[in-house]
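The structure under discussion appears below in the form of structure tokens.
The values are calculated or read from the model by the stated rules, or taken from the named source; none is laboratory data. Remember, it's a predicted structure, so these values are computed and weren't measured experimentally. All accessible areas refer to the heavy atoms of the entire protein, side chains included, with ligands and DNA or RNA removed. Shrake-Rupley method; radii C 1.70, N 1.55, O 1.52, S 1.80 Å.
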Amino acid sequence: MQQLSRPARRATLVVHVIVSVGWLGLTLGLLALGITAATARAGAGASDGAGTSGAALDLAGAAYRSMKIFVDWLVVPLALLTLVTGLVLSLGTPWGLARHRWVVTKFWLTLGAVAATVFALRTQVNSAAAAVTAGRPVPPEVDLVAAPAVALTLYVFLTAVSVLKPWGPTARGRRLRGARGRRPEKTGRAAAG
């Protein structure tokens with residue numbers, strides 16, 4: 001891919017940071033809603049007989065329906081945009097996709113997070129929202145606290161990696177750096193002889 005111009009690189013970087021931070025923030029919101037739903041469901045089990053159980057289930061239902069809106073309309077598009085803008089930045093800048101370990105790490109972890117968001121988290125949220133909409137109890141295997149908690153931890157880690165840029169170049173990155181640093185007349189054995 002051709003290197004991005006400075007204005008294009010900056011614009012892409014701004015979009016990437018905005019969508020990445022948005023994804024992180026929405027995940028924090030999903031965690032708060034998941035905790036609300038889980039504690040409301042637990043509170044519904046310990047009803048005092050004065051209608052508390054119904055109110056707690058209504059709160060849990062509202063939390064699950066809100067999670068569905070967040071995931072369908074915001075989280076999935078932001079996750080995909082994060083992946084796309086990250087790829088454009090890595091391929092259109094000197095950082096490259098396979099030149100630095102931190103970029104490779106971010107790519108694979110982001111790809112896994114996007115896949116987990118689209119295929120696992122979305123499925124669980126849809127299952128919980130459908131259950132409460134139909135008046136059925138949410139299946140006990142649906143845990144919408146653990147997934148956002150793990151995702152939030154991952155996104156904080158990826159943010160730290162973006163800022164700190166640890167681990168140095170990959171073997172490919174070292175080769176490319178070495179090839180750029182050598183002068184053509186001094187390469188290989190012919191220059192030594």
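Odds and ends about this structure:
- Between 0 and 90°, nearest 10: helix 146-164 axis offset from the chain longest Cα axis: 30 degrees
- Each principal axis of the Cα cloud of the stretch 106-166 was evaluated for its coordinate range; sorted largest first, these ranges are 49, 17, 15 Å.
- Whole-Å semi-axes of the stretch 67-127's equivalent ellipsoid (Cα gyration tensor): 27, 12, 6
- Per residue, the average separation of C-alpha pairs within less than 8 Å and at least 6 apart gives the stretch 1-128 a relative contact order of 32 percent.
- Normalising by residue count, the chain has a Cα convex hull of 130 Å³ per residue.
- Carbon plus sulfur fraction of accessible area for the chain, probe 1.4 Å, in percent: 68 percent
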